[in-house]
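Shown next, in structure tokens, is the structure this report addresses.
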Amino acid sequence: MNKANNQSKKIVLTGITPSGTPHIGNYIGAIKPALEMAKNPEFDAYFFIADYHSLIKLWDSKLRQQYIYEIAATWLALGLDPEHVMFYRQSDIPEIMELNWILTSVTAKGLLNRAHAYKAAVDANIAEGEKDEEAGITMGLFNYPMLMAADIIMFNADLVPVGKDQIQHIEIARDIANRLNHIYKCNLLKAPEAMVDKETQTIPGLDGRKMSKSYNNTIQLFAPSKQLRKQVMKIVTNSQLPEEPKDTTECTVFALYKHFANESEVEALAERYQQGIGWGEAKQTLFEKMDELLMPMREKYDYLLANKHIIDEYLAKGAHKARVEAKQLLDKLKQQIGM
Ligand code: TRP
């Protein structure tokens, strides 16, 4: 798989920050669609673990190590084939850090001043009456989109599948690539495009808001059956009585069910909603479907985590392949900028 010279295939690239245990929202919203794209012969896929990004929000070394393995095991358990997908850990590719600095040097500070995550942190300080509106904001947080741009540009990515909240970051990466090309009068860097899957955009969490670690409303992807059931039973529903007909459109249980069940199963549940179904029963139906589907992958996940050397080997091989390509671009770029 020699991508560097293969212009006909589009490169799709995405990363996941190891800052928590993977949940159902990560699976449906990001990992599953990415793996489907990887199977499409029109694309070459690059999926990586953004461990340098995790440094800005997680300062616990043991937890980081654990999350890195959990994310890697998740990708592999869900079917990523490391023979066909470029699968690597960001920190194994030091070229990304070199590129990061080259890009930093041509990027207007104002571009990053406007980044949503940074602005939100400033706004939070102001709202809390902090004297220093930059309090607690690290340079890492400020430069987060910068590093993301390096991740993307390093491998000539065309498409970056991301959630809505990350679109701006891809636009920033575009701006940066174009700016460097302009300054050094070349066409070396590819400007990427964000790809947002409307259907899977928002996976509701336990409380009906977007499933997210920061809302503390997640359902763990590979929790053991018992725990999975417990979490599903915590989904917030309305106070309608069992016999009352229920609306499927605003219902978290139903929304999640749609992502696991087939068409006729979804129809059957919709009918049960019409007739009146108790929330306990609806949740049990959802749990059973999820458990059935996740079980084989969970077994693989548990196996990999119990045999981390297998993960280490995959990541080492992936890094080796990825670095060959990273070096090629970096060499060309350094030549172009007179280094
Ligand atoms: N910011 C992404 C997230 O938190 C992770 C990420 C890092 C990423 N670098 C990337 C995603 C490059 C896509 C492309 O989910």
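Numbers for the structure displayed
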{"quantity": "Label-point separation in nm, ILE126 to LYS300, each point 7 Å along Cα→Cβ", "calculated": "4.8 nm"}
{"quantity": "Probe 1.4 Å, protein heavy atoms only - accessible area per residue of the range 209-334 in square angstrom", "calculated": "57 Å²"}
{"quantity": "Per-residue SASA entry for ASP312, accessible area with 1.4 Å probe, Å² rounded to 10", "calculated": "60 Å²"}
{"quantity": "The chain - percent relative contact order, Cα under 8 Å, separation 6 or more", "calculated": "21 percent"}
{"quantity": "Packing rank of 156-167, 185-196, where each peptide gets the mean count of other beta carbons within 10 Å, highest leading", "calculated": "156-167, 185-196"}
{"quantity": "17 Å Cα-Cα reach of LYS327 towards aspartates and glutamates, excluding residues that sit fewer than 8 places from it in its own chain", "calculated": "ASP92, GLU95, GLU98, ASP151"}
{"quantity": "Above-threshold pairs, the threshold being 24 Å between Cα atoms, out of LYS62/LYS131; LYS39/LYS300; LYS210/LYS234", "calculated": "LYS62/LYS131"}
{"quantity": "The range 272-327-the range 66-129 distance, computed between alpha-carbon centres (Å)", "calculated": "22 Å"}
{"quantity": "Span-like helix ranges in the chain, DSSP H, alpha carbon extent 15 angstrom or more, Kyte mean at least 0.5", "calculated": "139-154"}
{"quantity": "Fully extended contour minus Cα-Cα distance, from LYS10 to GLN66, at 0.36 nm per residue", "calculated": "16.9 nm"}
{"quantity": "Candidate aspartates and glutamates for bridging to LYS164, where Cα separation is under 17 Å - those fewer than 8 sequence places away on the same chain excluded", "calculated": "GLU193, ASP197, GLU199"}
{"quantity": "Area of LYS300 that stays accessible when all protein chains are in place (1.4 Å probe, Å², to 10)", "calculated": "100 Å²"}
{"quantity": "Inter-site label distance for ALA268 and HIS320 at 7 Å from Cα along Cβ, in nm", "calculated": "4.9 nm"}
{"quantity": "Inverse of mean 1/r across different Cα pairs in the range 43-156, Kirkwood, Å", "calculated": "16.0 Å"}
{"quantity": "For TYR184, net neighbour charge (Lys/Arg +1, Asp/Glu -1) across residues whose Cβ lies under 13 Å away", "calculated": "+4"}
{"quantity": "Spatially proximal aspartates and glutamates relative to LYS226 (Cα-Cα < 17 Å; intrachain offsets below 8 disregarded)", "calculated": "GLU281, GLU288, ASP291, GLU292, GLU299, ASP302"}
{"quantity": "Probe 1.4 Å, all protein chains present, accessible-area order of ARG89, ARG298, ARG229, largest first", "calculated": "ARG229, ARG89, ARG298"}
{"quantity": "Stretch gain in nm, segment ASN238-LYS308, where the contour uses 0.36 nm per residue and the Cα spacing is subtracted", "calculated": "20.9 nm"}
{"quantity": "Accessible carbon and sulfur surface of the chain relative to its total accessible area, %, 1.4 Å", "calculated": "50 percent"}
{"quantity": "By accessible area with a 1.4 Å probe, ligands and nucleic acids excluded, highest first: order of GLU271, GLU95", "calculated": "GLU271, GLU95"}
{"quantity": "Segments 243-249, 145-151 sorted - mean Cβ within 10 Å per residue, highest first", "calculated": "145-151, 243-249"}
{"quantity": "Ratio Rg/Rh, restricted to the chain and using Cα atoms, in which Rh is the Kirkwood radius", "calculated": "1.00"}
{"quantity": "Antiparallel content of DSSP bridges confined to the chain, in %, to 5", "calculated": "10 percent"}
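The values are calculated or read from the model by the stated rules, or taken from the named source; none is laboratory data. These numbers were taken from a predicted model, which means no experiment stands behind them. Neighbour counts run over all protein chains shown; Cβ positions are idealised from the backbone, glycine included. Side chains are part of the model used for accessible areas, which takes the heavy atoms of the whole protein and leaves out ligands, DNA and RNA. Shrake-Rupley method; radii C 1.70, N 1.55, O 1.52, S 1.80 Å.
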